[in-house]
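Working notes, beginning with the structure itself.
The values are calculated or read from the model by the stated rules, or taken from the named source; none is laboratory data. This structure is a prediction, so every number in the text was calculated from the model and none was measured. Neighbour counts run over all protein chains shown; Cβ positions are idealised from the backbone, glycine included. Ligands, DNA and RNA are excluded from the accessible area calculation, which covers all protein heavy atoms including side chains. Shrake-Rupley method; radii C 1.70, N 1.55, O 1.52, S 1.80 Å.
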Amino acid sequence: LIDFHAHWCMPCVMMSPIVEEISKKFKGKLKVGKVNVDEAHEIAQKYNVHSIPTFIIFKDGKAVDHFVGAVSKEKFEEKIKKYL
């Protein structure tokens with residue numbers, strides 16, 4: 001899971017504790033990375049990230065799903081569980 005975010009983005013700030021919690025809950029099953037779009041805009045462009053926060057789920061090195069914006073912890077987990 002890659003979390004595309006920026007420090008000035010309020011929805012990103014709101015999602016940060018949820019991402020952290022998900023990372024701990026699925027430790028050993030899920031790797032979580034964060035990409036600051038201000039610092040790594042070329043990576044954001046590569047994955048067509050136009051709004052933040054954007055979350056992209058990768059499986060076997062390929063992007064298999066993505067979602068944009070703030071979501072509930074339950075919705076977030078629902079998305080993740082499909083690929084574990």
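Taking the 1.4 Å solvent-accessible surface of the chain as the whole, the part contributed by carbon and sulfur is 54%. From helices alone, the chain scores -11000 deg cm²/dmol at 222 nm; the rule is -39500 (n - 2.57) for each run of n ≥ 4 DSSP H residues, then divide by the residue total. Placing +1 on the Cβ of every Lys and Arg and -1 on the Cβ of every Asp and Glu, with no other charges, gives the chain a dipole of roughly 440 debye about its Cα centre. Stretching Ala40 away from Glu21 to a fully extended chain increases their span by 4.4 nm, per 0.36 nm per residue minus the current alpha-carbon distance. Taking every protein chain into account, the 1.4 Å probe leaves Ile57 with about 10 Å² of accessible area, to the nearest ten. Sparse packing (at most 12 other Cβ atoms within 10 Å of the Cβ) combined with a DSSP loop state is found for the following GluC sites (Glu not before Pro) in the stretch 1-75: Glu39. Entry note, the chain: relative contact order of 38 percent, from Cα contacts under 8 Å with a spacing of 6+ residues. Stretched out straight at 0.36 nm per residue, the stretch from Trp8 to Lys31 would grow longer than its current Cα-Cα span by 5.8 nm.
Using the Karplus relation 6.51 cos²θ - 1.76 cosθ + 1.60 with θ = phi - 60°, the per-residue 3J(HN,Hα) values for the stretch 49-54 come to 7, 10, 10, 10, x, 10 Hz, with x marking Gly and Pro. In order along the stretch 7-18, the phi-based Karplus estimate (6.51 cos²θ - 1.76 cosθ + 1.60, θ = phi - 60°) of 3J(HN,Hα) comes to 5, 8, 8, 4, x, 5, 4, 5, 7, 3, x, 5 Hz; Gly and Pro are listed as x. With a cap of 11 neighbouring Cβ atoms within 10 Å, and only residues DSSP puts in a loop, list the trypsin sites (Lys or Arg not before Pro) found in the stretch 35-65. Sites meeting the loop and neighbour criteria: none at all. Think of a 1.4 Å ball rolled over the protein heavy atoms: the stretch 6-84 then has 69 Å² of accessible area per residue. When every Cα-Cα distance of the chain is counted in 10 angstrom steps from zero, the calculated P(r) takes the values 18, 56, 26, 0 percent.
Close amide-amide hydrogen proximity is noted between Phe58 and Ile2, Val64, each under 5 Å apart and 5 or more residues distant or on a separate chain (H modeled in the peptide plane; Pro and chain starts excluded).
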